[in-house]
Amino acid sequence: MMLDSFFLMLSLFFQDGLAMNAIDAGTVIVVQGVGLMVSSVLAIRFIANHGKRILQAGVILIIISIVLQIVAFRNESISYGLICFLLAIHGFGVGLVLPSIVNVALRGIPSEFSVAKQSPSG
């Protein structure tokens, strides 16, 4: 839900705050989605080797991206390329975290506590 509201507010800001048309605002958000897709595929391989450090790196990328967005979006003459770059970094960070966080969290649970080990009769 939080990510959805971020996209809504972002598209409204691009259109109302930076005077972009709807197509340009949507295209910028697609760039973020591309970063998310690329990193989510890569995260599967990276997490197998590096574990939760990849999730931590993703969170750091998200934080850096949001701070840079706050600073950069104060300037009404921000370039389209810089917006795309900042959102690609944000998407890359989200892609490192979101698809894998549940798997990493559940990895540490002993098998006797898993639902698969329990009998159907309860």
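Amide H contacts of MET20: GLN15, each under 5 Å away and 5 or more positions distant or on a separate chain (H built 1.01 Å from N in the peptide plane; Pro and chain starts excluded).
If you plug the beta carbon distance of TYR80 and LEU12 into 1/(1 + (r/R0)^6) with R0 = 25 Å, you get a FRET efficiency near 0.90. Over all directions, the projected convex hull of the C-alpha atoms in the stretch 11-106 averages 6.0 nm² in area.
Quick note: the coordinates plus some simple rules give every number you see, no bench work behind them. Keep in mind it's a predicted model, so treat the numbers as computed, not measured. All Cβ positions, glycine included, derive from the backbone under ideal geometry; neighbour counts span all protein chains shown.
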